[in-house]
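Since the structure comes first, as structure tokens, the remarks are kept for the end.
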Amino acid sequence: MATWHAALTVVVLAAGGIPPKNMATSPKAVVSPDSGVPMDSPMPPLALNTAPLTAKDLQGKVVLIDFWTYTCINWRRTLPYLHAWIDRYGKSGLVLVGVHSPEFPFEHDVDNVREMSAQIGVGYPVALDADFAVWRSFDNEYWPALYVFDAKGRLRHTQFGEGGYEEAERIIQKLLAEAGHRDIDTRLSTVNGTGADAAPDWKDLESPENYLGAARTDGFASPGGIVGGERHLYTAPKKLGHNQWGLSGTWTVDDRRARAEAAGGRIVYRFHARDLNLVMGPATRGGAARFRVLLDGKPPGPSHGVDVDEAGNGTAKDQRMYQLIRQVGPIGDRQFEIEFLDPGAEAWSFTFG
């Protein structure tokens, strides 16, 4: 955890809005000539006009602008590096500003962002970009996305997706030295994320992110397919193939999410990864939905995630990402199942690590 902190929210830029159509989470570092503002360009306006940080405060500082949304597993795994950098270089003139551009409707809720930021450990200033004004001003396309500006306010480096940490830290050191700081420790930071922040197991990761809404899902295998926008009784498929999934029980599936309309609603998924995460929660803030997780038809035991116990039991009290499986031992194709013991739970997307 970084020792340098500022108040969480810089300014709420707008309310409402929907994600731009071209936005994407990027699992690994990518370089796209069409992404982001051109190199050496001045920093687009951030409307940082309230305490504790103002645009004037950024003058003469090396500034990291980090685009994130709190349910994004790809961003979560970059957070330990952001903490390490601001902890090491904050006193030498490095400033980190988060731009929270929400993917899911509940991420527009300021109270949700505040609560989840506290849980995750986001203590640096954050601009709440609910209408994607900052996202568009940067011509951004990814979560996570990191933009590094020098002390003159010029863009000097970008990183889209996970990875590229050594290069980014070297750039930070170089720009701080250019700004006149001579006390820079040039050793690279040692980072070991824990829980959901831990680095993925890339060699065994064969399952990509998948949405549960009808508009963007892949591999749905329940008989009859998705009946969009209607309350419908689904039956789990008798057999699932690699990266296929299905529903059992009474659900309403719209373009963006699946909602369990009765107790006993189940989701089954055939996956290949060390970790399985599910963005889910009660339909309304303050609600709760109990659930039970199975792995190959049995309680997960030592392969349980941080949000369930060894018996597979948990409760969705928040609208967020839940880590449900972290396997121990060899990784292969496994069958995941979650049963909601209360009605009203909403499930949005699966991610893996």
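Please give the charge dipole size of the chain, origin at the Cα centre, charges +1 on K and R Cβ atoms and -1 on D and E Cβ atoms. Round to the nearest 20 debye.
Numbers: 36 positive and 43 negative charges, 34 e Å.
Computed about the Cα centre, the dipole is about 160 debye.
Taking amide H positions as modeled 1.01 Å from N, with prolines and chain starts lacking one, the residues under 5 Å from residue 99 and 5 or more places away or on another chain are 66, 67, 68, 127. Amide H contacts under 5 Å for residue 199: 193, restricted to partners 5 or more places along the chain or on a different chain, H placed in the peptide plane at 1.01 Å from N. Ignoring aspartates and glutamates fewer than eight residues from residue 56 along the same chain, the ones with Cα atoms less than 17 angstrom from its Cα are 150.
Remark: region 303-317, residue by residue, has Karplus-estimated 3J(HN,Hα) of 8, 6, x, 5, 9, 9, 9, 5, 7, x, 8, x, 9, 8, 9 Hz, where x stands for each Gly or Pro and the curve is 6.51 cos²θ - 1.76 cosθ + 1.60 at θ = phi - 60°. Shown in residue order for region 221-233 are the 3J(HN,Hα) couplings computed by the Karplus curve 6.51 cos²θ - 1.76 cosθ + 1.60 at θ = phi - 60°: 10, 5, x, x, x, 7, 9, x, x, 10, 5, 8, 8 Hz (x for Gly and Pro). GNM, the chain, Cα, under 10 Å: largest mean-square fluctuation among 141, 230, 206? Highest fluctuation among the options: 230. Amide H to amide H distances under 5 Å link residue 143 with 24, 25, 26, where only residues 5 or more positions off or on other chains count and H is placed in the peptide plane.
The alpha-carbon atoms of region 173-227, seen along their principal axes, cover 66, 24, 18 angstrom, with the largest extent given first.
Only the coordinates and a few stated rules stand behind these numbers; no lab work does. Note that the structure is a prediction, hence the values are computed from the model and not measured. Every residue, glycine as well, gets a Cβ built from its backbone with ideal geometry; the counts of neighbours run over all protein chains shown.
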